[in-house]
Structure formats: C-alpha cells, structure tokens
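The structure appears below as structure tokens.
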Amino acid sequence: MWSVEYNIAEYKNLLNEIKTQISVSKYNALKSVNREMIILYYNIGKMILSNIEWGNKFIDKLAKDLKSDFPGVKGFSVRNLKYMRKFAEEYTDFEFVQQVVAQIPWGHNIILMDKVENIEYRKWYIHKAIENGWSRNILAHQIETNLYSRQAVSEKLNNFSELLPSIQSDLANETMKDPYVFDFISIKEEIKEAELEKQLINKITKFLLELGSGFAFIGNQYHLEVGDEDFYIDLLFYHTKLKCYVVIELKTGKFKPEYAGKLNFYLSVVDDKLKSKEDSPSIGMILCREKNRFIAEYSLKDMTKPIGISEYKLSKYIPKEYKDKLPKIEELEKEIADIIEEAE
C-alpha cells in the first residue's frame with residue numbers, strides 16, 4: 001500500500017512519459033550502434049581497398065581469420081567483406097558517410113549498392129529513406145518502381161507555382177509524382193473507374209505508400225451537397241505536411257479539359273465547407289491513364305484552384321531512356337505477370 005493517495009490519471013501520464021523516454025533511449029542506442037557499425041564497415045573496406053593488389057584470396061583468408069578470432073560475431077563473411085570494399089570504393093566522402101549514410105541500416109546500403117549505380121540517385125534515396133523511415137522492403141520497392149525518375153526529375157504538370165505560396169508550392173510539387181504506379185492491382189484491358197477506385201481502397205496501405213508520406217485517407221465517394229444537389233468526390237485525403245485537403249479524381253481514359261473544371265468546382269466546395277482557418281488551400285489531383293500535355297496545360301491555364309495532372313500505370317514503370325535496353329518484350333510481360341501474382 002502506498003502511504004499517499006495518488007491521482008490515477010496523473011499516474012498514467014507519468015507512466016506514459018517514462019515509457020516514451022525508455023523507447024526514445026532504446027531507439028537512440030540502436031541508432032548509435034548502427035552508426036558505429038557502418039563506420040567500422042567503411043574503415044574495413046578502406047583497408048581492403050588499400051591492399052586490393054592481393055586479390056580475392058586475401059579476402060577469403062581475412063573472412064576465415066576474423067571468424068576464428070571473433071566467434072559468434074556475424075558480418076564478416078566473404079560476401080559482406082566484398083560489400084565493405086565496394087562501400088568504401090563508391091563513397092569517397094567520409095563526412096557524408098558519417099553524417100548521412102550511417103543513419104540507415106547496412107541492409108539498406110546493400111540494396112542501394114546492388115540496385116542504384118548512380119551515386120547522386122543513391123544519395124536521393126538515402127535522404128528519402130531517412131525522411132520517411134522506409135523499411136528495407138519499401139526501399140527496394142521504391143527503387144524497383146523508379147521513384148527517383150517519377151518524383152525527382154519528371155516534368156510535372158500543375159499550376160501550383162501560380163496559385164500557392166512558394167513554400168507550399170515547392171512542397172506540393174515535390175510530393176507529386178508522374179506517373180504513379182499502381183502495380184498492386186489486377187490489370188484489366190478496360191477497367192472501369194469504379195472498379196479502379198474499389199481496388200485502390202481495398203489495398204489502401206499500398207495505395208498510401210505510392211501516394212507518399214503525409215496522406216491521411218478520409219473517404220471515397222465523399223458526399224458534397226450544393227444547391228440541393230448531390231456531388232461525390234472520388235477520393236478525399238488530408239495531407240499532414242501540406243496542412244490541406246487533397247481531392248483526387250480517377251479517370252481510366254485520356255485526360256479531358258472538362259475534368260479540370262469539375263475538380264476546380266469540388267475544390268471550391270471543400271475550401272468552403274471543410275477547410276478550417278488553419279488549413280492551407282485544398283489541392284486537387286487528376287490521375288488518368290494518359291494525357292496530352294498541351295491540352296492539359298491549356299486546361300489549367302485559367303483555373304483558380306491548385307490542380308495537378310498525372311498519369312498512372314498499372315504495371316512496373318520503365319523510364320524512356322531504359323526502354324531500348326530491354327532484351328525481349330516476352331521477358332517484360334513475364335515480369336509484369338509475376339508482379340501481379342505477388343500483389344494478389
């Protein structure tokens with residue numbers, strides 16, 4: 001028995017605060033251990049590089065001796081030592097390794113070394129992995145769907161810079177992708193918009209992953225009443241970083257100019273009925289199978305609301321510069337079929 005009466009609510013708050021401190025401390029300890037390990041691997045890689053003339057047999061012996069001297073300690077296999085050598089060879093800036101690369105686990109670094117040759121592209125993925133807390137599988141998926149090409153360098157079509165403050169505009173543009181890849185839904189030659197929407201909602205976790213961090217799902221076929229008439233938004237989200245509502249309209253065919261006018265209307269209603277004083281202006285996105293860039297640009301020219309227009313793909317996205325390097329169309333078809341089977 002405690003000698004002093006205590007408030008249950010205050011005690012729960014105290015307990016939660018202590019649990020939070022413990023969790024944060026554990027997390028920081030793990031980060032520190034990971035950082036030291038990454039730097040160790042980098043230094044070992046540098047030492048192996050400095051004796052590269054000894055060849056691979058030297059690495060075989062080194063792995064054997066390290067295993068003998070440090071029994072039970074994992075990480076010094078021949079394969080891993082070769083990765084350490086590659087790690088040190090490809091990252092010449094130790095300060096970048098120490099301050100940035102060491103923030104992600106070794107398994108993430110192996111994926112990046114295996115899948116991303118360009119160091120600048122790789123740095124972009126590292127920053128995104130840190131920013132969004134990607135797991136190893138999510139990082140691999142983002143690389144396989146060429147996220148860098150779709151988000152960092154694609155020529156995005158929107159009117160954000162004309163209608164949003166510069167900071168909001170830059171973040172909204174950075175958030176946008178073109179195209180989006182919905183490789184987790186079943187492909188049909190003529191899929192209807194209602195079916196596409198249904199499949200995206202049924203796999204909302206994967207859909208949110210493809211949309212990017214910050215999207216919170218509010219509802220589909222979201223009801224709006226204006227002048228005693230009913231209207232329904234395909235998909236309504238709130239973006240926690242942009243601090244605004246995001247209205248998404250799905251179109252299974254080519255983009256048409258009237259889509260922009262309809263979305264402009266929806267955004268006006270959302271801003272009037274849902275947006276609070278603290279919220280930023282709502283943003284609209286039209287996702288279509290294909291678009292004519294000139295028609296899309298003219299459609300946005302006199303719109304009063306911020307709208308972006310992107311295409312979506314129902315299979316793995318391949319940038320144009322890589323298409324001529326594909327061996328055979330049959331192999332691509334088989335790969336797409338495998339992706340669909342895994343998603344089902």
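Observations, loosely collected:
- Those residues of segment 232-257 which are buried (at least 20 other Cβ atoms within 10 Å of the Cβ) and aromatic (Phe, Trp, Tyr), in sequence order: Phe237, Tyr245, Phe255
- Of everything listed in (1) surrounded by fewer than 15 Cβ atoms within 10 Å (Cβ to Cβ); (2) among the hydrophobic types (A, V, I, L, M, F, W, C); (3) in contact (Cβ under 8 Å) with a residue 60 or more places away in the chain, the single unmet condition for Ile39 is (1).
- Ala63 among the aliphatic types (A, V, I, L, M) and either at pLDDT 90 or above or not in a helix (DSSP H, G or I) (or both): yes
- Some residue of segment 54-77 being within 19 Å of Leu112 (Cα to Cα), of a type outside the set (S, T, N, Q) and surrounded by 13 or more Cβ atoms within 10 Å (Cβ to Cβ): yes
- Meets criteria (touching an Asp or Glu at 6+ places or on another chain (Cβ under 7 Å) and either among the aliphatic types (A, V, I, L, M) or within 17 Å of Tyr42 (Cβ to Cβ) (or both)) for Ile119: yes
- Hits in segment 203-231 (condition: surrounded by 12 or more Cβ atoms within 10 Å (Cβ to Cβ) and either aromatic (Phe, Trp, Tyr) or free of Cβ contacts under 8 Å to residues at least 12 places away in the same chain (or both)): Phe207, Leu208, Phe215, Phe217, Tyr222, Phe231
The values are calculated or read from the model by the stated rules, or taken from the named source; none is laboratory data. This structure is a prediction, so every number in the text was calculated from the model and none was measured. Note: ideal-geometry Cβ built from the backbone for every residue, glycine included; neighbour counts use all protein chains shown.
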